[in-house]
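A short write-up of the structure that comes next.
The values are calculated or read from the model by the stated rules, or taken from the named source; none is laboratory data. All figures in this text were calculated on a predicted structure; none of them were measured in a lab. Ideal geometry is used to build each Cβ from the backbone, glycine not excepted, and the neighbour counts take in all protein chains shown.
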Amino acid sequence: MIIAIDGYSSTGKSSLAKMLAIHFGFLYVDSGAMYRMVALTVLREGWVNDNNELNEELIKKRLPVMNFAFDQDLDGNNLSILNGELVELDIRTMEVNSIVSKISSLPFVRSQLVSQQQKMAHGKNIVMDGRDIGTKVFPDADLKLFMKADADIRAKRRLKDLRSNGDVNVTINQVRANLIQRDSDDESRKNSPLIKARDAIIIDNSNQTPDQVFDFVSKLVNQRLSI
């Protein structure tokens with residue numbers, strides 16, 4: 001079974017995906033983390049200038065030898081691993097946030113990562129979240145969800161995450177502006193834009209707790225598993 005979860009930033013996609021994966025024993029893949037790992041590499045190597053212009057040739061050369069892996073800690077939290085290095089906290093910064101949409105809009109990056117994501121699901125029960133999972137990566141997924149929430153609520157959630165990861169100087173206005181810009185970038189890119197799949201179920205969790213969303217979605221999963 002394949003569960004595809006798409007939607008905007010900070011709408012609880014990853015939290016829901018992890019809860020579902022743990023409950024049903026599915027493999028969980030955070031597709032957005034893969035783009036973040038590419039963005040982290042670009043920042044570390046200095047392949048982006050002050051105008052946020054990328055050195056696409058160097059990215060294209062490095063991409064084939066980048067190894068993306070995922071694990072979980074004892075509490076079930078996802079761990080992103082790049083070439084054997086644990087980078088979970090490194091990819092969750094405002095600096096990475098500022099260029100990840102630009103990275104994900106590069107056709108050669110998206111093509112290669114989509115191919116890897118599809119291979120990860122071969123012969124497995126999987127839940128994957130991102131921007132184009134139900135439209136591009138798994139258009140025939142058994143269950144498709146599209147998540148959204150009020151921008152102010154999303155900004156507060158993201159700020160809390162950033163602060164807990166040590167990014168203490170960022171302001172709520174910076175976070176909100178970044179989210180709105182990412183929404184625009186994701187929706188307007190030519191290659192695999194953020195759109196709702198026609199058969200996706202919309203979930204607005206502005207005023208719902210993670211447990212409430214999980215209870216609703218787990219019933220949908222059970223219905224499909226019983227078919």
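Within the range 76-97, residues that are closer than 15 Å to Ser15 by Cα have Cβ atoms under 7 Å from residues that are of a type in the set (Lys, Arg) and not in a strand (DSSP E or B) in these pairs: Gly76/Lys18; Asn78/Lys18, counting only partners at least 6 apart in sequence or on another chain.
Scanning the range 1-20 finds no residues that are out of contact with any strand residue (DSSP E or B) (no Cβ under 9 Å at 6 or more places or on another chain) and modelled with pLDDT of 95 or more.
Looking only at residues that are of a type outside the set (A, V, I, L, M) and in a strand (DSSP E or B) in the range 80-102, which one is surrounded by the most Cβ atoms within 10 Å (Cβ to Cβ)? Here the answer is Ser80.
Scanning the range 63-79 for residues that are part of a loop (DSSP other than H, G, I, E, B) and surrounded by 13 or more Cβ atoms within 10 Å (Cβ to Cβ) yields a total of 1.
In the range 186-208, the residue that is modelled with the highest pLDDT out of those that are under 13 Å from Tyr8 (Cα atoms), surrounded by 15 or more Cβ atoms within 10 Å (Cβ to Cβ) and in contact with a Leu (Cβ under 9 Å, 6 or more places away or on another chain) is Ile203. In the range 11-33, which residues are within 8 Å of the chain's Cα centre (by Cα), part of a helix (DSSP H, G or I) and either buried (at least 23 other Cβ atoms within 10 Å of the Cβ) or not polar (S, T, N, Q) (or both)? Result: Lys13, Ser31, Gly32, Ala33. Checking each residue in the range 199-227 for being under 25 Å from Lys124 (Cβ atoms) and either among the charged types (D, E, K, R) or free of Cβ contacts under 8 Å to residues at least 40 places away in the same chain (or both) picks out Asp199, Asp215, Phe216, Lys219, Asn222, Gln223, Arg224, Ser226, Ile227. Would you mind stating whether Arg44 is surrounded by 14 or more Cβ atoms within 10 Å (Cβ to Cβ), of a type outside the set (A, V, I, L, M) and either over 25 Å from Asn169 (Cβ atoms) or at pLDDT 90 or above (or both)? The answer is no for Arg44.
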